[in-house]
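K.L.:
Shown below is the structure under consideration.
Any read-out appearing in this document is the output of simple, stated calculations on the displayed coordinates, not a laboratory observation. Not measured: the values here are computed from a predicted model. A quick note on method: Cβ atoms are made from the backbone with ideal geometry, for glycine too, and the neighbour counts reach across all protein chains shown.
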């Protein structure tokens, strides 16, 4: 009876752990999982292979040969002649993947305008976002357009051109590696809403007007599933030129087959080497932007959209909670090899289901459920196997090692007070986040042993400086760490020690980077964020293992400040509350360069935050 109760508790805790992972990921605390998921998706795309694109889209490329023939970049007059040559072949829609913002010669501009007016055409515009980021209005979710990416303003083509053609916003959603992952359908500013270029072209090509509904967009007979910000995923058909591509030079020379233009969607863009409009994709590192845009258009027109909407995310959440419970339950049902094989079969079944769903156009998250499942399964499996088999010694050792991942002063306090943080405690504390930048791309070119050595050195550096400042490392998250000052109990000098520690971390990390080989050091950087305020400290885990965690707005702000520091070109960003609580004797005021105060917008907060930015000098 006791064992059954223990097994039931283990299953429930596994589900709670999955819910915690899902919640933490939803709040943006586990961004490294997104990077892993992106790599898995790329692998799945390559494993799927090249997929035949729809026949309705043709790319006309302005390539190196045409530019060489012209002697320089294409003039407006030559561009007008090119668009006229396309229009004469009667395409369904002509889309120009160009930003024609500046005035050219009168003759050239007139030629382009006349060519655009000769048929149905769309010309590109761009959205300019604050601090180069797309912002989402979270204050009024009742408004159906509140979830749209909100730009400061639109960069529109000259009025002479927009009078003869429709416009579409050409921005795409990319991840940190620069790979396009999604295509927003709509963009907005304070006083206007504009369609994206792919949606505008698709709407004209299908002769329909898009209708916005919660989590989907209706385009004629097509129902397009979208995410919260009305964006749909981009999944590439194949490498460069998978979508039918013809040279603008051959078109002007009359060598192109008219059938590839007539009644087709024609996208005109540049593929000139060194032009800058290139993106990394799963199939190759350099793909012209015009083919990325054409991919988005082709998927909209054909309805070939991979689903990554609210329903799919709910399935991800259920899998993240249920899969750990199911596997732990199987290990509890059969402690022998049969239980392990059954659990492995379920895990492989989930991976197979994700692959099958992706092949059928549903983008499930493969990484998040596995990340939620691995820790409880390993922990519970080790505890199960330790009673009766010699292999249990190995798993028991892992359990003991997991129990050692706490700061020395916290371990000592737990020894004296086993009930420490058994109930959540709300108190003032200082939080520091530090993270290496560029480490993910660096690790791709180095072996696992070298990467492990770098991480061990960096973790040792962080641990040394934190212990010296009497802080607590809450956890190392890959190439970063979360540090707390206020445990095992709050102290009057928590803010002062945190401020000094943040400076010491910056100085020590910079010195460590300088000591690395130039090829490695040139690819790495770091960022630090620190804040002071109320946190909720608690203890999470099962009967065999607990870990200390801190949550609350102070933790979220410290994490955001780290990213803001990197964006502003500083090593460290601190909230004004920390600087005031630290006092005049803190190292922030005595070393390096301190800039502020600045009223800084923080993602996830409605009001700006008073922020200070710090950068070390050679003397510090």
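K.L.:
With each label point set 7 Å from Cα along the Cα-Cβ vector, what nm distance links residue 159 and residue 467?
P.N.:
7.0
K.L.:
I'd like the projected area of the chain, averaged over all directions, using the convex hull of its alpha carbons. Report it in nm² with one decimal.
P.N.:
Directional mean of the projected Cα hull area for the chain stands at 32.1 nm².
K.L.:
For the stretch 55-302, what proportion of DSSP beta bridges, expressed in % and rounded to the nearest 5, is antiparallel?
P.N.:
Around 50 percent of the beta bridges assigned by DSSP in the stretch 55-302 are antiparallel ones.
K.L.:
How big is the antiparallel share of DSSP beta bridges in the chain, given as a percent to the nearest 5?
P.N.:
70
K.L.:
What spacing in nm lies between the two simple spin-label points modelled at residue 378 and residue 451, each 7 Å away from Cα in the Cβ direction?
P.N.:
For the pair residue 378/residue 451, the computed spacing is 1.6 nm.
K.L.:
Please work out the FRET efficiency for the pair residue 356 and residue 599, using the Cβ-Cβ distance as r and a Förster radius of 56 Å; give the result to the nearest 0.05. Don't jump to the answer; show the numbers that get you there.
P.N.:
Numbers: r = 50 Å, r/R0 = 0.90.
Computed FRET efficiency for residue 356 and residue 599: 0.65.
K.L.:
For a test of the definition: using alpha carbon positions, the gyration tensor, and the 1.5 limit on a/c, classify the stretch 55-302 as rounded, prolate or oblate.
P.N.:
The shape class here is prolate.
K.L.:
Further question: Expressed as an acute angle from 0 to 90° and rounded to the nearest 10, what is the orientation of the C-alpha long axis of helix 289-302 relative to the principal long axis of the chain?
P.N.:
90
K.L.:
Estimate the FRET efficiency between residue 608 and residue 50 by the formula 1/(1 + (r/R0)^6), using the beta-carbon distance for r and 45 Å for R0, to the nearest 0.05.
P.N.:
On the way: r = 48 Å, r/R0 = 1.07.
In this case the efficiency is close to 0.40.
K.L.:
Among 614, 333, what is the fewest-to-most ranking by other Cβ atoms within 10 Å?
P.N.:
Starting with the residue having the fewest Cβ neighbours, the order is 333, 614.
K.L.:
Moving on. What relative contact order, as a whole-number percentage, does the stretch 289-366 give when Cα pairs under 8 Å and 6 or more residues apart are counted?
P.N.:
Result for the stretch 289-366 is 38 percent.
K.L.:
Still on this structure, please answer the following. So how do 370-380, 174-184 stack up, highest first, on mean other-Cβ count within 10 Å?
P.N.:
370-380, 174-184
K.L.:
Calculate how many DSSP beta bridges within the stretch 408-615 are antiparallel, expressed in % of all such bridges and rounded to the nearest 5.
P.N.:
Antiparallel bridges make up about 95 percent of those DSSP assigns within the stretch 408-615.
K.L.:
Hey, another quick one. Ranking request for peptides 532-538, 203-209: highest mean number of other beta-carbon atoms within 10 Å first, then the rest in descending order.
P.N.:
532-538, 203-209
K.L.:
Once you place label points 7 Å from the Cα toward the Cβ at residue 585 and residue 344, how far apart are they in nm?
P.N.:
The answer from the label model is 6.0 nm.
K.L.:
Want the number for residue 540 to residue 617: 0.36 nm per residue separation, take away the alpha-carbon distance, what's left?
P.N.:
Net length gain for the segment: 23.6 nm.
K.L.:
If the label point is 7 Å along Cα→Cβ of residue 262, which residues in the stretch 66-97 have backbone nitrogen under 16 Å from it?
P.N.:
Counting backbone N atoms under 16 Å from the label point, the list is 86-93.
K.L.:
Taking the Cβ-Cβ separation of residue 88 and residue 128 as r and a Förster radius of 30 Å, what is the calculated FRET efficiency to the nearest 0.05?
P.N.:
It comes out at approximately 0.25.
K.L.:
Under the definition of Cα pairs under 8 Å and six or more residues apart, what whole-number percent is the relative contact order of the chain?
P.N.:
13
K.L.:
Could I ask something else about it? Work out, step by step, the length gained on full extension between residue 8 and residue 31: first 0.36 nm times the residue separation, then minus their alpha carbon distance; give nm to one decimal.
P.N.:
Values: separation 23, 0.36 × 23 = 8.28 nm, distance 3.14 nm.
So the chain would gain 5.1 nm between residue 8 and residue 31.
K.L.:
Right, another one. Sort 117-123, 438-444 by the packing proxy (mean of other Cβ within 10 Å over each peptide's residues), most packed first.
P.N.:
117-123, 438-444
K.L.:
Tell me what the chain gives for mean residue ellipticity at 222 nm when only DSSP H runs of n ≥ 4 count, each as -39,500 (n - 2.57), the sum divided by the residue total, rounded to 500 deg cm²/dmol.
P.N.:
-14000 deg cm²/dmol
K.L.:
Taking Cα pairs under 8 Å and at least six residues apart, what relative contact order does the stretch 55-302 come out at, in percent? Could the numbers behind the result be given before it?
P.N.:
Details: 512 pairs, mean separation 70.8, N = 248.
So the answer I get is 29 percent.
K.L.:
Suppose the chain between residue 515 and residue 43 were pulled fully straight at 0.36 nm per residue; how much longer would it get relative to their current alpha carbon spacing?
P.N.:
166.4 nm
K.L.:
Something else now. Decide, for the stretch 242-331, between rounded, prolate and oblate: order the square roots of the alpha carbon gyration tensor eigenvalues as a ≥ b ≥ c, take rounded if a/c falls under 1.5, and otherwise choose prolate if a/b is larger than b/c, else oblate.
P.N.:
Because a/c hits 1.5 or more and a/b exceeds b/c, the stretch 242-331 counts as prolate.
K.L.:
Specify whether the C-alpha gyration tensor of the stretch 408-615 places it in the rounded, prolate or oblate class, a ≥ b ≥ c being the square roots of the eigenvalues: rounded for a/c under 1.5, otherwise prolate if a/b is larger than b/c and oblate if not.
P.N.:
Taking the square roots of the gyration eigenvalues as a ≥ b ≥ c, the stretch 408-615 is oblate.
K.L.:
Angle check, please: helix 310-333 long axis (alpha carbons) against the longest principal axis of the chain (alpha carbons), in degrees 0 to 90, nearest 10.
P.N.:
Here the helix axis deviates by roughly 40 degrees.
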